[in-house]
Amino acid sequence: MSGAIDTAPVHAAPGDSSHARPAWALSAPALMLFAGVLVIPLVMTVMLSFHDWGQYKGIEPVFILKNWHEIATDPYYAEMFWRTFRIALLTTLIAALFGAPEAYILNRMSGRWKSLFLLLILGPLLISVVARTLGWALLFGGNNGLMNKLLMSLGLIGSPLRFMFTETGMVVALVHVMMPFMVMSVWAALQRVDPQIENAALSLGASPLTIIRRIVLPQIMPGVLSGAIIVFSLSASAFATPAIIGGRRLKVAATLAYDEFLNTLDWPLGAAVAVLLLVALVLIVVGSNALIERRYAEVFR
């Protein structure tokens, strides 16, 4: 009929942006929050790193390269960054060495035991990092600390070892803090592995070691590398654990920036240290991620 109302849907023209506006309107609060709490402070920190500072004149908003030149030429800062990345690398290697087998065992457990041990693994994340680190400080103690007493009672050492204010103590405490991230990354990769493949290899005469080396390990390696990126980044930027276990003498980049900001009040130099640490971590993470995606792209197809 000629008077009937046309109820056919009206399609927007290709150039019509009316449907895109609600999406921008919905994402605008999140974008503003992201810019307010992350982008703007980072930009201000980068700008601050190029300012000048004096004990009597304070911060001068001028554009100079004095702070960056000092970091590049003073061996003290090179030692701090080398210690930071050395501790982060050792923490990552130990976490991968113990975390991957833990994830594999966790994946093979039954439902009840898997839930229990998953709670035990994730338990450290439910406690404040400061409380966990203080617990390690109590365990380390001095020559009569619980850790030394346990090791000596087991016959593993003949004399007490120093854990407090050493890189060894920092690595041990950081491994405990970072282990859940490695386990969960490897466990997520194990979810893609079909258990029947292992059974098929076993039925064809392959040994358990061959199954792990030729079947399991290549398929979980992306999870190991992803977990390594997370653990390395968090370890290199950690503050509470190095500050408590390492003390004021054994500094890393994060504690160095903190001291420059709040002790010496040289904010521009502290900003330069923080920005350099951030840039180094971004380059490492981006480079490692590109390598992982290129090397293991076939695994996820």
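None of the figures in this text is laboratory data; all of them are computed from the coordinates on show. Nothing here was measured: the structure is a model prediction, and the numbers come from that model. Glycine gets a Cβ as well: all are built from the backbone with ideal geometry, and neighbour counts include every protein chain shown.
Suppose we keep only residues that are closer than 19 Å to Asn289 by Cβ and in a helix (DSSP H, G or I) within the range 231-243. Which one would you say is farthest from the chain's Cα centre (by Cα)? Steps first, answer last, please.
Looking only at the range 231-243, we keep the residues that are closer than 19 Å to Asn289 by Cβ, and these are 231-237.
Filter once more, keeping what is in a helix (DSSP H, G or I): 231-236.
Working: Val231: 4, Phe232: 5, Ser233: 4, Leu234: 3, Ser235: 6, Ala236: 8 Å.
Among them, the one singled out is Ala236.
Here the range 168-195 is the region considered, the condition is being in a helix (DSSP H, G or I) and of a type in the set (S, T, N, Q), and the residue that is nearest to Arg108 (Cα to Cα) is Ser185. Applying the criterion of at least 1 residues that are in contact (Cβ under 8 Å) with a residue 24 or more places away in the chain to the helices (runs of 4 or more DSSP H) found wholly in the range 54-167 leaves 66-73, 75-108, 111-122, 129-140.
In the range 216-230, the count of residues that are over 30 Å from His69 (Cα atoms), part of a helix (DSSP H, G or I), over 14 Å from the mean Cα position of the chain (by Cα) and of a type in the set (Val, Ile, Thr) is one or more. Among the residues of the range 43-75, just one is under 24 Å from the mean Cα position of the chain (by Cα) and more than 14 Å from Trp267 (Cα to Cα), namely Val43.
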